[in-house]
1. I'd like the residue in the range 67-118 that is assigned to a helix (DSSP H, G or I) and exposed (fewer than 10 other Cβ atoms within 10 Å of the Cβ) and, out of all such residues, is farthest from the chain's Cα centre (by Cα).
2. Could you say whether any residue in the range 35-45 is of a type outside the set (Lys, Arg), assigned to a helix (DSSP H, G or I) and touching a residue at least 60 places away in the same chain (Cβ under 8 Å)?
3. Give me the residue from the range 54-100 that is at pLDDT 95 or above and of a type in the set (Ser, Thr, Tyr) and, out of that set, farthest from Met23 (Cα to Cα).
4. Give Leu72, Leu67 a once-over and let me know the one that is within 12 Å of Ile35 (Cβ to Cβ) and touching a residue at least 40 places away in the same chain (Cβ under 8 Å).
5. Taking the range 10-34 as the search range and keeping residues that are of a type outside the set (Val, Ile, Thr), surrounded by 17 or more Cβ atoms within 10 Å (Cβ to Cβ) and part of a helix (DSSP H, G or I), which one is modelled with the lowest pLDDT?
Amino acid sequence: MIKEALHDKNTCNQRLLAVQDAMDVLNGRWKIAIIASLCFNTLRFTDLLREVEGISGKMLSRELKNLEENQLVTRTVLNTQPITVEYELTPYGHTLKEVIDSLAKWGTNHRKKITGRE
């Protein structure tokens, strides 16, 4: 019984640690919106500014750098005049698509529940 309780506690702690790790990478107001915008398209910086409503250029730049550091997004500088920069999800970044789809579904259901439109 005690051994089983310790196993459950260890499993719970490992699970909480894994969730915390994910939240540390995805924290903040903008990262999930940026990733969601990149799920289906490669986008230029200015396109992302339009897609992610309310974000400033400085904040978008900061968030994209962080997503690059975490190997979720790649930045490609194109040899054009003027220079064009494109962003896309890495294969690793695409592993978050299912998570974002689940969050979107939960958010839709939650909004319906809270507004009484179930």
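1. Top of the filtered list is Thr115.
2. Yes, some residue in the range 35-45 is of a type outside the set (Lys, Arg), assigned to a helix (DSSP H, G or I) and touching a residue at least 60 places away in the same chain (Cβ under 8 Å).
3. The residue in question is Thr76.
4. Leu72
5. The selected residue is Leu26.
The values are calculated or read from the model by the stated rules, or taken from the named source; none is laboratory data. Values in this document were obtained by computation on a predicted structure and should not be read as measured data. Here Cβ is always computed from backbone atoms with ideal geometry, including for glycine, and neighbour counts include all displayed protein chains.
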